[in-house]
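Heads up: the structure comes next, in structure tokens.
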Amino acid sequence: MSAVAAGRAEEEARDVVHFELIAAGRAELAPYGVEIQEDTVVHAARDGDGFVVTTGAGAHHRAHKLVLATGLEDQLPEIPGARETFGKSLFHCPYCDAWEVRDRPLAILGRGEKAVQLALALTTWSHDLVLCTDGWTRITAAQRASLAAHRIAVRTDKLVAIDHRGGRLEAIRFARGEPLVREAAFFHGQCRPRSPLAAQLGCRFTRSGSVITQSFERASGGLYVVGDASRDVHFIAVAVAEGVRAAYAINRSLRIEHTARILNGSDGMKLNPQITYRDVQPTAALDRSIRDSVQRLDRYHPNILGCRIAVEAPHRHHRKGRPYRVRIDLTVPGKELVVAHHPQLNPAHEDLSVALRDAFRAARRELQTHARTRRGDVKSHDRLSLPSAKNGIRGRRATTIERRV
């Protein structure tokens, strides 16, 4: 097998591993009751001592703490062929990709001291290097000496295009002179945030576009920023470590806040629910009503660990005659209790306040049942059905409660 074919096989195998790693990570979240949503957050704002984020699908999520792991975006060279070759034969980080193109003829695209340092760094993997400065000629004597010591050639002509076949670099063309035949290239360019969320939340940035964070990746208040968005060393291992540090800090912060509320004589339970609105415009009154109902739940169970609520409106084109959907997920030791209304069986839920009232009533009953079960007062069942208001009679269809181990 040729060196080129071997390199391509390594890259393809690595891509497969990336997808498998993501899938495995998501699978490991399932036992902890973590909900994964395939959506894009388009806006974030501070809301009292917490945050509210809005997704492209129109959902609104509220949280007491917020972690941003949105990354950076490389600004590619503005020449034809750069986008088509990026990630295949045009790279940014030598520590991530140089091994796969080791011992091959390589080009370095960029200007200034950082481009020179990138070229010198690549001598670890190849001795056939050419620095292409795209018209930049202010190379100092010290820089020329360092490059010459490593036999790194320099082309100062303006770049015109990257010739490639299927994303595989073949040559670099200049405004004058012969094309430069290469098999891969690395570039030094500026980075910018991939998402506007950090700016929307008032974060401060470095000149390179990274968010300025304090100890344990905290940007400010309950906001944490991890991964490439907050550091100059852009490695997966570093990003994972920052995520762990932020998780530790958030857990510790929540525990301290909980203890302070108990010592102050306030509501010791003080659940901080995650509320999601789908096609429902959240208002301060609606949010306050839901949160008040959540806080009253601790009267019915001694140890509620978490609470998630989803409120969904009828489809915007079919609002008439379509009730609201309300789902309440309650995490208690060893179980997850799910209260989910089937609105098509209860027309009374065309009124959102009625739908919420019935959902919380069902949640209270289920918490009482679970608490009695833990004490050994009643037997546990896998599934319960609650009364329906349909046709004015008592039924067993409108609401189901599931218990997840």
Fill in: Tail beyond 17 Å, pair distance distribution of the range 74-140 (Cα, percent)
41
Discussion item. With +1 on the Cβ of every Lys and Arg and -1 on the Cβ of every Asp and Glu, and nothing else charged, how large is the dipole of the range 82-189 about its Cα centre, in debye rounded to the nearest 20?
Written reply: 240
Worksheet entry | Antiparallel DSSP beta bridges within the range 45-171, percent to nearest 5 | 55
Worksheet, complete the sentence: Final fewest-first order of Leu29, Leu159 on the 10 Å Cβ neighbour count is Leu29, Leu159
Worksheet item: Given that compact globular proteins tend to follow 2.2 N^0.38 Å, what is the ratio of the alpha-carbon Rg of the range 199-251 to that value?
Response: 1.06
Worksheet item: Arranged from highest to lowest average of other beta-carbon atoms within 10 Å per residue, in what order do the peptides 175-182, 275-282 appear?
Response: 275-282, 175-182
Worksheet entry | Separation in nanometres of the label points that stand 7 Å from Cα toward Cβ, at Asp292 and Val160 | 7.3
Fill in: Inter-probe distance in nm under a simple model that places probes 7 Å from Cα toward Cβ, at Ala171 and Ala23
4.2
Worksheet, complete the sentence: Stokes-Einstein D for the range 82-189 (20 °C, 1.002 mPa s, Kirkwood Rh from Cα pairs), in µm²/s, comes to 158
Worksheet item: Which FRET efficiency, nearest 0.05, do Gln214 and Gln190 yield, Cβ-Cβ r, R0 30 Å?
Response: 0.75
Worksheet item: What is the spin-label model distance, in nm, from Asp103 to Arg151 if the labels are put 7 Å beyond Cα along the C-beta direction?
Response: 1.5
Worksheet, complete the sentence: About its Cα centre, the range 24-101 carries a charge dipole, from +1 on Lys and Arg Cβ atoms and -1 on Asp and Glu Cβ atoms, whose size in debye to the nearest 20 is 200
Worksheet item: List the GluC sites (Glu not before Pro) in the range 38-98 that DSSP assigns to loop (not H, G, I, E or B) and whose Cβ has at most 13 other Cβ atoms within 10 Å. Which are they?
Response: Glu38, Glu78
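Readers should treat all values here as calculations from the given coordinates under stated rules, not as data from a laboratory. Small disclaimer: the values here were computed from a predicted structure and weren't measured. Cβ: placed from backbone, ideal geometry, glycine included. Neighbour counts: every protein chain shown.
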